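*Asks:* Here it is, the structure, as structure tokens.
Derivation of every value follows stated rules applied to the coordinates shown; laboratory data play no part. This structure is a prediction, so every number in the text was calculated from the model and none was measured. Quick reminder, even Gly has a Cβ in these numbers, built from the backbone with ideal geometry, and neighbours come from all protein chains shown.
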Amino acid sequence: MSQLETFYEVMRRQGITRRSFLKYCSLTAAALGLGPTFAPRIAHAMETKPRTPVLWIHGLECTCCSESFIRSAHPLVKDVVLSMISLDYDDTLMAAAGHQAEAALEETMRKYKGEYILAVEGNPPLNEDGMFCIVGGKPFLDQLKHAAKDAKAVIAWGSCASWGCVQAARPNPTNAVPIHKVITDKPIIKVPGCPPIAEVMTGVITYMLTFGKLPELDRQGRPKMFYGQRIHDKCYRRPHFDAGQFVEAWDDEGARKGYCLYKVGCKGPTTYNACSTVRWNEGTSFPIQAGHGCIGCSEDGFWDKGSFYDRLSKIPQFGIEKNADQIGMAVAGGVGAAVAAHAAVTAIKRAQQSKGDQA
């Protein structure tokens, strides 16, 4: 295999100091949910391992994954990640076009057979022999199969590649399918979201480069480090949910006070992603913080589950939280100790206020 520069060599060539490099390793360890003792291991990997050859191909999609990846204000993506990987082919980002671009694809597959990572954004349509999506004069379906055959692993960027997304919405005239319906003999890491968070994309690549293996995946093929908890679990509005304080209508008093958005359709209680912890635009915000409920864009089938503003009728896996109406009722005796305590405190306060008014 042809020798590639290491990640550290590229960083130093770009003028990044040793101090900044070590800080990056520490931040990466934290982002991956690892202890500080892992920072030296990450640094060692960056210093000794060659950059990973990556082929990034596009099917039916809107390119929002690439937009998220390259437009992040966070330096981990802007200044580092494109140095960490050897992005040898990306028909959206590369300067080459036409025959020159396709030659780069073939050259990388030949040089790094069995060593490169295939990143897929979008999905293949199967109807009409794949003719609904043409790349380089051929169906994307054929390009996907061709590029995957000698890949070390495949990354499904976004909900289009992971689940099918809106292209696969009913009635799905093109028969668009997620890539695991076509590629069945390679390990696939699904990084869903519409689009995924840039730092989540960064973390997946960093882990693979550092440890030389796939991250631990859940039963749906998503990295547990980023998709192991519901958005609801770490949402800053969660105390309002527990207290039965909800936005009932847009721009009502509850909305102005930052109450829970569950009743106006928030899917955070059933959506697994890191939005409420990593957030977007250098950790600035995420949809719920901006006043809009989560639409569940990292979950399979979110596009065919009715209006984004229809509330979930129940959440059976949440025990005392299984129904937001019950939580908000002071007399909901059977919904658990937390709700009972909330009701008791409310009753005591009202009784004390009533006695004060009578006096």
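*Asks:* Using the number of other C-beta atoms within 10 angstrom as an exposure proxy, rank Arg170, Arg51 with the fewest first.
*Replies:* Sorted ascending by nearby Cβ count, the order is Arg170, Arg51.
*Asks:* Sticking with this one: When Thr63, Thr184, Thr174 are ordered from fewest to most other Cβ atoms inside 10 Å of their Cβ, what list results?
*Replies:* With the sparsest Cβ surroundings first, the list reads Thr184, Thr63, Thr174.
*Asks:* Here is a follow-up. What whole-number distance in Å separates the alpha-carbon centres of the stretch 230-265 and the stretch 150-173?
*Replies:* Rounded to whole Å, the Cα centres lie 32 Å apart.
*Asks:* Over 26 Å between C-alpha atoms is what I'm after, so list which of Lys138/Lys224; Lys138/Lys186; Lys190/Lys257 land there.
*Replies:* Check vs 26 Å cut-off fails for Lys138/Lys224; Lys190/Lys257.
*Asks:* Enumerate the calculated ³J(HN,Hα) couplings along the stretch 103-109 in order (Karplus 6.51 cos²θ - 1.76 cosθ + 1.60, θ = phi - 60°), each rounded to whole Hz, writing x wherever the residue is Gly or Pro.
*Replies:* Running phi through 6.51 cos²θ - 1.76 cosθ + 1.60 with θ = phi - 60° gives 5, 5, 4, 5, 5, 5, 4 Hz.
*Asks:* Right, something else. Reachable aspartates and glutamates from Lys49, Cα under 16 Å, same-chain residues fewer than 8 places away excluded?
*Replies:* The reachable aspartates and glutamates, counting only those whose Cα sits under 16 Å from Lys49, are Glu5, Glu9, Glu115.
*Asks:* Just from the alpha-carbon atoms, what are the Rg and Dmax of the stretch 7-226 in angstroms?
*Replies:* 17.3, 55
*Asks:* Moving to a separate point now. Which far-off residues, 5 or more places away or on another chain, put their amide H under 5 Å from the one on Leu217, with H placed in the peptide plane?
*Replies:* Sorted by chain and number, the residues that satisfy this are Lys224.
*Asks:* How charged is the neighbourhood of Lys152? Take every other residue with its Cβ under 12 Å from the Cβ of Lys152, and add Lys/Arg as +1 and Asp/Glu as -1.
*Replies:* +2
*Asks:* A further question follows. Are there trypsin sites (Lys or Arg not before Pro) in the stretch 250-304 that DSSP marks as loop and that have at most 15 other Cβ atoms within 10 Å, and which are they?
*Replies:* Lys257
*Asks:* Near the amide H of Ile134, under 5 Å away, which other amide H atoms are found, from residues 5 or more places off or on another chain, if H is placed in the peptide plane?
*Replies:* Phe140
*Asks:* Determine the sum of side-chain charges near Thr210: Lys and Arg each +1, Asp and Glu each -1, restricted to other residues whose C-beta is under 10 angstrom from that of Thr210.
*Replies:* +3
*Asks:* Can you work out ³J(HN,Hα) from phi for every residue in the stretch 182-190, in order, using Karplus 6.51 cos²θ - 1.76 cosθ + 1.60 and θ = phi - 60°, giving whole Hz and x for Gly and Pro?
*Replies:* With coefficients 6.51, -1.76 and 1.60, one gets 10, 9, 10, 10, 10, x, 10, 9, 8 Hz.
*Asks:* Just to confirm a number: summing +1 for Lys and Arg and -1 for Asp and Glu over residues other than Pro223 whose beta-carbon lies under 14 angstrom from that of Pro223, what do you get?
*Replies:* +2
*Asks:* Still on this structure, I have one more. Scan the stretch 201-303 for chymotrypsin sites (Phe, Trp or Tyr not before Pro) in coil per DSSP, keeping those whose Cβ has at most 13 other Cβ atoms within 10 Å, and list them by number.
*Replies:* Tyr236, Trp250
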